Amino acid sequence: MFFDHFGLHRVVITIIITIIGIGFFTPYFLNAKKSFIAYQNKNITLGDYANPRTISQVQLLIKSDTIPLDDSQMFIQMIGKASYQKGIWKYQKSIKILFKNRNGTKDSILSNGELFETSKGKFFKTEENIIEKYLQISNVLLTIPNRH
């Protein structure tokens with residue numbers, strides 16, 4: 001007999017484990033597929049990486065000045081619209097943006113105001129200088145080095 005008393009239990013347990021595994025990993029693979037399709041279509045934005053809910057503080061390092069941002073959520077939303085650009089870009093990295101996460105970790109992005117480079121070497125670009133625009137809105141008087 002193929003299904004003796006012990007064999008039937010093994011088959012049933014194997015089927016149950018398989019169903020649980022499929023149910024557990026399917027959402028992960030669908031999310032990964034969605035991210036990959038967005039990557040292929042160049043629909044990725046910096047906002048996909050900079051989540052305002054996990055970031056507690058943002059600072060700008062410009063020359064020797066350190067500027068803590070009062071409205072970091074607005075700043076993250078502004079730079080979050082930067083779209084992904086394939087390739088390697090040369091630009092003057094005059095600004096460092098420091099992010100302090102709610103869990104205590106820190107991260108940074110190099111920028112010239114229009115082009116943003118993540119620590120993983122991904123580049124994101126905006127049509128206007130977001131950092132200058134934020135500083136004007138916030139009434140912070142500071143000269144940003146020439147970005148050409």
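The values are calculated or read from the model by the stated rules, or taken from the named source; none is laboratory data. Computed from a predicted structure; not experimentally measured. Neighbour counts run over all protein chains shown; Cβ positions are idealised from the backbone, glycine included.
Descriptive notes on the structure:
- Residue in segment 61-76 that is assigned to a strand (DSSP E or B) and within 18 Å of Thr45 (Cβ to Cβ) present: no
- Any hit, segment 32-50, residues being touching a helix residue (DSSP H, G or I) at 6+ places or on another chain (Cβ under 6 Å), at pLDDT 85 or above and closer than 15 Å to Thr118 by Cα: no
- In segment 112-127, residue surrounded by the most Cβ atoms within 10 Å (Cβ to Cβ) [restricted to those that are at pLDDT 85 or above and farther than 15 Å from Thr45 by Cβ]: Gly113
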